[in-house]
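Peer 1: The structure follows.
Laboratory data are not the source of any read-out in this text; all were calculated from the coordinates shown. Computed from a prediction, not measured in an experiment: that's the story for all the values here. Reconstructed Cβ throughout: ideal geometry from the backbone, glycine too, with neighbour counts over all protein chains shown.
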Amino acid sequence: MSPEEIRTRQELAACYRLVARYGMTDLIYNHITAAVPGTGHQEFLINPFGYLYEEITASSLIKINLAGDVIDPGTSGLGVNRAGYVIHSAIHAARDDARCVIHTHTAAGVAVSCMARGLMPISQNALRFTSRIGYHDYEGPATDEAEKVRLVEALGPHQALVLRNHGLLTCGRTIGEAFWLMQRLETACRIQVATLAGGDPHMPSLESQDRTSAMFDPSAGDKDVAINGALEWQALLRVLDRTDASYKD
């Protein structure tokens, strides 16, 4: 196993632990995947179906290819959830920049996915996704290979996707960026649900919406680490290393 794959495994396991820490899990369901370095996105790592996110370690992750074949079963003795394979393999195959894909079923995320208006531009967090988020209509549990095409079309060039009546998805150029995007999107959904519970929201001016959206343009790349999650990710890894570094095992 290359040093690059070991590092990817450790960061992916850390991402699972952090998603659990931030209350974005759904028992043993959902998935976070990462492309295996050096495989041209033909292979990726995924969680064993049956583990809670807080149990994931680097060695327990399962390596599969785009056809769904298990390359390395990991140490858990468990298999892969079919729905996770369908959703994540579709994105990895279609997007070279999607090195990590996160899918969640949180209460706030599902609530917003059920709203006709979808994600509303009512908070600074939400404005990060203005004109940069796709919507995919619900087709039932994602076990049909034919749905892959429609998932990819709905995501388009974006890094975030609302799966109607289902949940949220983000993808990133790094594991840290994918987590940062999901945490921002989840926070935006929680703010929206809380705000609408109190009545009609106060909307930012169109001028401020446009200005804020432009400031969060991901095309700025490494010119501004504030919009790719790099600083936040390193800080979060330090937290895990201080509190429970068993994710690296």
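Peer 1: Once the convex hull of the C-alpha atoms of segment 13-66 is built, how many Å³ does it hold per residue, rounded to a whole number?
Peer 2: Dividing the Cα hull volume of segment 13-66 by its residue count gives 74 Å³.
Peer 1: If I fit a long axis through the Cα atoms of helix 3-21 and take the longest principal axis of the Cα atoms of the chain, what angle between them do I get, 0 to 90°, rounded to 10?
Peer 2: That works out to roughly 50 degrees.
Peer 1: Next question, about the same structure. Compute the Kirkwood hydrodynamic radius of segment 67-164, taking the inverse of the mean of 1/r over all pairs of distinct Cα atoms, and give it in Å to one decimal.
Peer 2: That comes to 14.9 Å for segment 67-164.
Peer 1: Farthest toward the dipole's positive end in the chain, which of Q42, H136, A146, given Cβ charges of +1 (Lys, Arg) and -1 (Asp, Glu) about the Cα centre?
Peer 2: Checked the options; the winner is H136.
Peer 1: Sticking with this structure for a sec: Using Cα atoms only, what is the angle between the long axis of helix 175-197 and the major principal axis of the chain, expressed in degrees (0 to 90) to the nearest 10?
Peer 2: 40
Peer 1: Next question, about the same structure. So how far, in whole Å, is the C-alpha centre of segment 82-159 from the one of segment 1-72?
Peer 2: 19
Peer 1: With an 8 Å cut-off on Cα pairs and a minimum separation of 6 or more residues, tell me the relative contact order of the chain in percent.
Peer 2: The value is 21 percent.
Peer 1: Then there's this: What is the helix-to-structure angle for 230-243, meaning the angle in degrees between its Cα long axis and the longest Cα principal axis of the chain, kept from 0 to 90 and rounded to the nearest 10?
Peer 2: Between the helix axis and the principal axis of the chain, the angle is about 60 degrees.
Peer 1: Further question: Rounded to whole Å and ordered largest first, report the semi-axes of the equivalent ellipsoid of segment 3-244 derived from its Cα gyration tensor (root of 5λ).
Peer 2: For segment 3-244, the semi-axes come out at 28, 20, 17 Å.
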